[in-house]
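These notes concern the structure reproduced below.
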Amino acid sequence: MATMTYTTLQDLLTEASSGPFVSLYMPLEANQSADKSKLKMRHLLTHAKEVMASAWPEVDWAPFADLLQPLVDDPSQIASLSGQGMGVLANSDAIYIRDLEYPVSEMAMVTAMPQILPLLLDDQRHLDFDLLTLQGDQIGLYHNAGDVLTPVALGADAPLTLKGTLGTELRGGSLNSVRQGGPGATYHGHNAKSEEDEIDRRRYYQAVDSYVADHFSKPNARRLVVMGLPQNIAMFREVSRNTHLSGSMQVEASPANMTLSQLDEAVDPVRLEHVRQRQEAISAQLDGARSKGRYLEDVGGIIDALHHRAIAQLVIRQGARINGRLHGQKIDTESEMAKHNNLLNDLADLTIAQGGTVNVLPSDLMEPAAAAIRRYSEE
């Protein structure tokens, strides 16, 4: 059978349904050497091969080696990843590789279904946005991925400064004149400089808004967060026509003379607030499902609902584990395969394969190991 390389997790779970699966997770350091990558990956593959021989003795390791050995032989595949970790899921004829934005523990498992909980937790913590730093006369642009802030190189046509953008159209500090009867001009006096400066800044922010929207927000469908003094943020919001501008997220601080490290630290409250709001929203969804008769927390009931493709959302308590695996409609807890498996992961696999969503909540917000929201209430 031809090898398939899947680009989405749902495609893998839907189409590459036959196991066993090898699941590998490896932390990545900045500028990690090729030799270190090869050594780490070789250790993971050695452990996976040993687990395969113990738990799945009848399965030939050779097809897995054909798919996974290139990660050792060609470290450029790892070097091309940009996150702080990597995840690899593979069965005998398909593979799925992706980078992780957050650090991950080193792990190699062989199970009937791929171990996806580290991927889901990474997705849930993900916060992707562009950060526009506003000063009265200049801007900067950065990309936030997870908790990493990276400067964005802007083109020569970008409105980097007010003076460079408006040029001869600057009005601040100019003289007004009116003609009175003769060929000459009688000077009427100075406009209030602050009013003219405000007009310039407003026109500058309109140019900035159009540029960022056309070159970044619209093409990438990515949220825009603004950082600056409150009065500058307020003016930018007044003139902005960017539908991707966040209505709730902003950083009220002057970015003037800030280093990248200082900017990154200033953005932390936005990241933390995002996580808090998402967790509260998930908790509220569970509470709403209770009142509508769509809530389940009994594992047997969740499994039965999954067999009827009735789960809209599965929520797992972070760190929870139930040793066991799904075997048809039964739970196997005795086999060697089951001892290497987390049953909650199997529930997550099935939920995503059926088009549902999976989230993870910390233990202080969730008591049961798992809870689910049915697509419809039980009669």
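The values are calculated or read from the model by the stated rules, or taken from the named source; none is laboratory data. A quick note: this is a predicted structure, and the numbers were derived from the prediction, not measured. Cβ sites come from the backbone with ideal geometry, for glycine too, and all protein chains shown count toward neighbours. Just so you know, the surface numbers come from the protein's heavy atoms only, side chains and all, with ligands and any DNA or RNA stripped out. Shrake-Rupley method; radii C 1.70, N 1.55, O 1.52, S 1.80 Å.
Yes/no matrix, rows are residues, columns are (1) over 26 Å from the mean Cα position of the chain (by Cα); (2) among the charged types (D, E, K, R); (3) open to solvent by less than 20 Å² (accessible area, probe 1.4 Å):
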| residue | (1), (2), (3) |
| --- | --- |
| Asp304 | yes, yes, no |
| Arg325 | yes, yes, no |
| Leu365 | no, no, no |
| Ala371 | no, no, yes |
Checked the stretch 98-146 for anything acidic (Asp, Glu) and farther than 18 Å from Pro255 by Cα; matches are Asp99, Glu101, Glu106, Asp122, Asp123, Asp128
| task | With the condition kept exactly as written, say whether any residue in the stretch 260-282 is of a type in the set (S, T, N, Q), over 19 Å from Arg223 (Cβ atoms) and either open to solvent by less than 50 Å² (accessible area, probe 1.4 Å) or touching a His at 6+ places or on another chain (Cβ under 6 Å) (or both). | result | no
Does the stretch 356-374 contain at least one residue that is within 30 Å of Glu58 (Cα to Cα) and modelled with pLDDT of 90 or more? no
The residue from Pro63, Pro103 that alone is surrounded by fewer than 19 Cβ atoms within 10 Å (Cβ to Cβ), at negative phi and either over 25 Å from the mean Cα position of the chain (by Cα) or basic (Lys, Arg) (or both) is Pro63
Arg241 fails exactly one of (1) in a loop (DSSP other than H, G, I, E, B); (2) surrounded by 13 or more Cβ atoms within 10 Å (Cβ to Cβ), namely (2)
Check your understanding: With respect to Leu224, is the statement that it is on the phi < 0 side of the Ramachandran plot and open to solvent by less than 20 Å² (accessible area, probe 1.4 Å) true?
Key -> yes
If we keep only residues of the stretch 19-45 that are of a type in the set (S, T, N, Q) and surrounded by 12 or more Cβ atoms within 10 Å (Cβ to Cβ), then the residue modelled with the lowest pLDDT is Gln32
Being free of Cβ contacts under 8 Å to residues at least 60 places away in the same chain, farther than 18 Å from Leu154 by Cβ, among the hydroxyl-bearing types (Ser, Thr, Tyr) and not in a loop (DSSP other than H, G, I, E, B) narrows Ser246, Ser261 down to just Ser261
Picking from Leu344, Leu296, the residue that is among the hydrophobic types (A, V, I, L, M, F, W, C), under 24 Å from Val22 (Cα atoms) and more than 22 Å from the chain's Cα centre (by Cα) would be Leu344
Reported set for the stretch 46-58 where residues are open to solvent by 40 Å² or more (accessible area, probe 1.4 Å) and not polar (S, T, N, Q) is His47, Lys49, Glu50, Ala53, Pro57, Glu58
Would you confirm whether any residue within the stretch 115-123 is touching a Gly at 6+ places or on another chain (Cβ under 9 Å) and either under 26 Å from Gln262 (Cα atoms) or among the aromatic types (Phe, Trp, Tyr) (or both)?
yes
Expected output for the stretch 43-68 (first residue touching a residue at least 40 places away in the same chain (Cβ under 8 Å), partner acidic (Asp, Glu) and surrounded by fewer than 18 Cβ atoms within 10 Å (Cβ to Cβ), Cβ below 6 Å, 6+ apart or cross-chain) is Ala55/Glu336
Scanning the stretch 115-145 residue by residue, those more than 16 Å from the chain's Cα centre (by Cα) and open to solvent by less than 50 Å² (accessible area, probe 1.4 Å) turn out to be Gln115, Leu132, Thr133, Leu134, Gln135, Gly136, Ile139, Gly140, Leu141
Of the candidates Val152, Val148, the one satisfying the condition of being more than 13 Å from the chain's Cα centre (by Cα), farther than 30 Å from Ala65 by Cα, open to solvent by 30 Å² or more (accessible area, probe 1.4 Å) and in contact (Cβ under 8 Å) with a residue 12 or more places away in the chain is Val152
| Hey, Ser248 more than 29 Å from the chain's Cα centre (by Cα), open to solvent by 80 Å² or more (accessible area, probe 1.4 Å) and of a type outside the set (A, V, I, L, M) or not | no
How many residues of the stretch 71-92 are assigned to a loop (DSSP other than H, G, I, E, B) and either open to solvent by 30 Å² or more (accessible area, probe 1.4 Å) or among the hydrophobic types (A, V, I, L, M, F, W, C) (or both)? The answer is 6
Result of the Cβ filter at 9 Å on the stretch 282-299, keeping first residues that are closer than 16 Å to Ala310 by Cβ and among the hydroxyl-bearing types (Ser, Thr, Tyr) and partners that are open to solvent by less than 60 Å² (accessible area, probe 1.4 Å) and in a helix (DSSP H, G or I), at least 6 apart or interchain, is Tyr295/Leu286; Tyr295/Gly288; Tyr295/Ala289
